[in-house]
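All remarks here apply to the structure that follows.
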């Protein structure tokens with residue numbers, strides 16, 4: 001633990017002032033990322049799509065990067081000066097497994113973990129574009145000479161498959177294992193030998209949907225929904241696979257489907273790659289074969305399908321299903337692995353939502369536009385908080 | 001039955017008969033396949049091939065489509081070879097279609113390699129035949145050459161390992177025959193034979209023999225090895241006698257029965273019982289002399305609505321007559337639709 005000098009930073013939370021031991025000064029780190037953001041606005045790394053790059057730029061907003069500290073520890077007070085009642089220190093080395101069709105998770109986690117400053121080793125997917133390395137290669141020279149640059153230089157990222165012996169070494173050496181992948185991959189990693197007191201967080205296959213009330217449906221909302229859906233289609237755990245029109249009729253759902261179809265070219269004016277266009281022809285036929293009324297949007301970039309809630313879902317990547325349902329029906333039809341509900345509700349703060357969520361497995365209940373927003377709490381885990389362990393100080397320590 | 005199948009594969013074409021047979025076949029599938037009916041609910045008829053209903057080739061990976069009709073008997077399922085991480089297509093084989101498909105393949109191949117029978121050597125293992133209820137694309141392709149085979153031998157002891165080629169068996173066959181037919185997937189034929197160190201004793205016995213190599217399955221793996229057609233053919237034909245040839249054909253399990261061998265002038269010819277269209281991927285309009293997605297049609301498929309399939313292969317239809325002398329439409333195969341997996345944040 002003494003390899004890396006740690007600074008002590010004070011935060012005032014509901015139960016008093018905590019000292020947080022960090023390898024990097026948090027404000028300097030936020031500032032360094034903000035500086036990189038300036039470069040990113042001017043020049044995009046080739047490996048990233050425009051949407052991915054824009055998402056990363058938004059993620060590096062200082063307000064967003066301060067949020068893990070604020071939400072976990074409370075208001076920042078600067079270097080420790082007064083009495084503190086708890087000490088939080090990084091648990092140690094972190095191993096991160098990324099799935100194959102991941103795009104931004106790697107870069108996003110590099111950013112979040114950099115705020116802790118723990119050693120980070122990453123296993124990228126063996127059959128996917130390695131955007132983590134691409135991001136590191138972009139960031140390192142531009143952050144050279146600042147502590148964050150030194151930290152990024154220490155981050156190791158390699159692509160190998162599930163059977164590679166390096167998986168075992170990653171698990172053996174890490175105090176925290178973060179696993180993003182399918183259920184089988186997560187299970188196999190969990191079975192690797194690992195330190196007894198280490199922590200493991202598996203973020204496995206999840207589904208999300210959008211719940212809209214008819215009174216909230218307008219072009220702005222639908223354009224927002226289409227932008228959210230268009231980034232990942234159904235391949236994103238945070239992307240809506242189904243739009244549920246709460247309290248609507250089948251005719252309302254059909255009309256909503258038509259509006260989404262008509263608005264798609266406004267939300268995504270560029271034509272898709274040929275394989276997406278082709279895949280969408282397949283998706284339309286697949287959905288139709290299952291009983292959905294499906295139509296390919298202009299430009300062939302997406303497929304919209306309307307039907308009954310009890311139809312077999314069509315998991316084509318760029319197909320969005322639209323159904324009408326009562327709240328009770330929507331709740332009953334939630335998939336077991338539901339992650340995010342993106343909402344557009346007349347009163348999203350009404351207590352009935354709390355009552356409903358209390359007995360579902362929904363992990364996130366956020367406005368439609370924020371469905372993809374990744375943060376320190378994920379899939380029900382305050383995983384960023386768990387990158388630290390806590391020392392109870394009774395009656396407290398005053399430096 | 002397809003009356004067109006009675007004709008020579010590359011003889012004069014009767015386009016109205018083709019349209020009529022394909023239209024009847026479409027109605028047949030609409031009646032017998034509920035999923036197909038849901039995909040094409042409003043279709044009543046076509047005035048040209050481009051108006052016929054079609055299914056996207058990818059659909060056969062996700063749906064087990066079958067058309068039932070009186071007397072239909074499904075026997076086995078044909079599985080496509082699939083690349084890593086991809087699902088294979090599954091095509092149910094029924095007796096009626098299988099008979100038509102075997103006749104079709106035989107007629108097409110005879111046009112390219114001539115009639116007569118000779119030993120067929122398959123670059124696969126005999127164990128591949130013993131899969132219950134299923135047949136691989138590789139075995140199905142090999143067995144389509146059966147009508148031209150006087151006897152069949154499997155040259156590999158392990159169907160996945162090109163290093164297990166039984167050179168002793170090949171040597172014995174070369175001692176007894178001057179004319180052999182060899183089938184393998186393109187990459188397997190290269191690794192097991194073309195790029196292999198052939199034992200001296202076998203190499204000597206190959207000299208002057210007439211061998212016809214037939215291969216299919218595409219060049220993706222060989223592109224990675226930087227092996228082009230000239231190198232491929234040259235390696236296989238080295239030292240062989242006159243009349244030896246390498247025939248590369250294109251075909252899909254979703255269009256089983258119709259294969260498209262490459263002619264000497266680099267084109268794929270369409271037999272009279274089949275049709276080809278090229279469509280713009282972004283609006284599906286038919287294209288002529290411009291690259292687009294290939295749609296393949298044939299009059300053979302009774303048990304599965306795969307008589308009209310929009311492929312994920314790119315091609316271009318060429319107008320005019322081919323110097324090879326075969327009549328009818330011809331096309332160039334340009335490769336697969338370039339693919340990049342849709343990137344998600346999760347693990348679908």
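The values are calculated or read from the model by the stated rules, or taken from the named source; none is laboratory data. Keep in mind that what you see is a predicted model, and the values were worked out from it rather than measured. Cβ: placed from backbone, ideal geometry, glycine included. Neighbour counts: every protein chain shown.
Tabulated values for the structure
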{"read-out": "Failed item in (1) in a strand (DSSP E or B); (2) surrounded by fewer than 16 Cβ atoms within 10 Å (Cβ to Cβ), with residue A:310 passing the rest", "value": "(1)"}
{"read-out": "Test: residue A:83 is in the same structural domain as residue A:385 (by TED's automatic domain parsing), within 17 Å of residue A:383 (Cα to Cα) and in contact (Cβ under 8 Å) with a residue 12 or more places away in the chain", "value": "no"}
{"read-out": "Selection count, the stretch B:23-57, where residues are in a loop (DSSP other than H, G, I, E, B) and under 25 Å from residue A:305 (Cα atoms)", "value": "10"}
{"read-out": "Strands (runs of 3 or more DSSP E) contained entirely in the stretch A:145-239, each with at least 1 residues that are surrounded by fewer than 18 Cβ atoms within 10 Å (Cβ to Cβ)", "value": "A:156-159, A:199-203"}
{"read-out": "Options B:78, B:55, B:19, B:59: the member that is more than 14 Å from every other protein chain (Cβ to nearest Cβ) and surrounded by 21 or more Cβ atoms within 10 Å (Cβ to Cβ)", "value": "B:78"}
{"read-out": "Some residue of the stretch B:40-48 being in contact (Cβ under 8 Å) with a residue 12 or more places away in the chain and closer than 28 Å to residue B:106 by Cβ", "value": "no"}
{"read-out": "The stretch A:322-335, residues that are in contact (Cβ under 8 Å) with a residue 24 or more places away in the chain and away from chain B (no Cβ under 14 Å)", "value": "A:322, A:323, A:324, A:325, A:326, A:327, A:330, A:331, A:333, A:334"}
{"read-out": "Boolean, residue A:319 is more than 14 Å from chain B (Cβ to nearest Cβ), buried (at least 24 other Cβ atoms within 10 Å of the Cβ) and touching a strand residue (DSSP E or B) at 6+ places or on another chain (Cβ under 6 Å)", "value": "no"}
{"read-out": "Top-ranked residue in the stretch B:88-112 [being part of a strand (DSSP E or B) and in contact with a helix residue (DSSP H, G or I) (Cβ under 7 Å, 6 or more places away or on another chain); ranked as surrounded by the fewest Cβ atoms within 10 Å (Cβ to Cβ)]", "value": "B:90"}
{"read-out": "Residue count for the stretch A:238-260, restricted to those that are more than 18 Å from residue A:207 (Cα to Cα) and either touching a helix residue (DSSP H, G or I) at 6+ places or on another chain (Cβ under 7 Å) or within 14 Å of chain B (Cβ to nearest Cβ) (or both)", "value": "6"}
{"read-out": "Selection status of residue B:42, surrounded by fewer than 16 Cβ atoms within 10 Å (Cβ to Cβ), at positive phi and over 21 Å from the mean Cα position of the chain (by Cα)", "value": "no"}
{"read-out": "Residue B:274 within 14 Å of chain A (Cβ to nearest Cβ) and out of contact with any helix residue (DSSP H, G or I) (no Cβ under 7 Å at 6 or more places or on another chain)", "value": "no"}
{"read-out": "Qualifying positions in the stretch B:32-52 - within 14 Å of another protein chain (Cβ to nearest Cβ) and closer than 12 Å to residue B:308 by Cα", "value": "B:36"}
{"read-out": "Candidate set from the stretch A:43-61 (those that are part of a loop (DSSP other than H, G, I, E, B) and either within 16 Å of the chain's Cα centre (by Cα) or within 14 Å of another protein chain (Cβ to nearest Cβ) (or both)); member that is modelled with the lowest pLDDT", "value": "A:49"}
{"read-out": "Tally, over the stretch A:297-347, of residues that are under 22 Å from the mean Cα position of the chain (by Cα) and within 23 Å of residue B:282 (Cβ to Cβ)", "value": "5"}
{"read-out": "Those strands (runs of 3 or more DSSP E) lying entirely in the stretch A:336-399 with at least 3 residues more than 14 Å from every other protein chain (Cβ to nearest Cβ), touching a residue at least 40 places away in the same chain (Cβ under 8 Å) and surrounded by 13 or more Cβ atoms within 10 Å (Cβ to Cβ)", "value": "A:338-344, A:388-397"}
{"read-out": "Strands (runs of 3 or more DSSP E) lying entirely in the stretch B:116-180 (those with 2 or more residues that are surrounded by fewer than 18 Cβ atoms within 10 Å (Cβ to Cβ) and touching a helix residue (DSSP H, G or I) at 6+ places or on another chain (Cβ under 9 Å))", "value": "B:149-154"}
{"read-out": "Conditions (1) within 14 Å of another protein chain (Cβ to nearest Cβ); (2) closer than 24 Å to residue B:105 by Cα: number failed by residue B:25", "value": "(1)"}
{"read-out": "Residue among B:268, B:326, B:285, B:318 that alone is within 14 Å of chain A (Cβ to nearest Cβ) and under 26 Å from residue B:16 (Cβ atoms)", "value": "B:285"}
{"read-out": "Some residue of the stretch A:238-249 being at pLDDT below 95 and not assigned by TED's automatic domain parsing to the domain that holds residue A:94", "value": "yes"}
{"read-out": "Within the stretch A:82-107, considering residues that are in a loop (DSSP other than H, G, I, E, B) and facing chain B (nearest Cβ under 9 Å), the one nearest to residue A:55 (Cα to Cα)", "value": "A:104"}
{"read-out": "Residues being more than 19 Å from residue B:112 (Cα to Cα) and surrounded by 16 or more Cβ atoms within 10 Å (Cβ to Cβ) - total across the stretch B:233-253", "value": "2"}
{"read-out": "Filter result (more than 9 Å from chain B (Cβ to nearest Cβ) and within 15 Å of residue A:321 (Cα to Cα)) within the stretch A:263-286", "value": "A:264, A:280"}
{"read-out": "Residue A:289 being touching a helix residue (DSSP H, G or I) at 6+ places or on another chain (Cβ under 9 Å), assigned to a helix (DSSP H, G or I) and either in the same structural domain as residue A:100 (by TED's automatic domain parsing) or surrounded by 17 or more Cβ atoms within 10 Å (Cβ to Cβ) (or both)", "value": "yes"}
{"read-out": "Every pair of residues 6+ apart whose Cβ atoms lie under 7 Å, when the first sits in the stretch A:124-139 and is within 11 Å of another protein chain (Cβ to nearest Cβ) while the second is assigned to a helix (DSSP H, G or I)", "value": "A:131/A:106; A:131/A:107"}
{"read-out": "Filter result (in contact (Cβ under 8 Å) with a residue 24 or more places away in the chain, surrounded by fewer than 19 Cβ atoms within 10 Å (Cβ to Cβ) and either under 22 Å from the mean Cα position of the chain (by Cα) or under 25 Å from residue B:37 (Cβ atoms) (or both)) within the stretch B:1-12", "value": "B:1, B:7, B:8, B:11"}
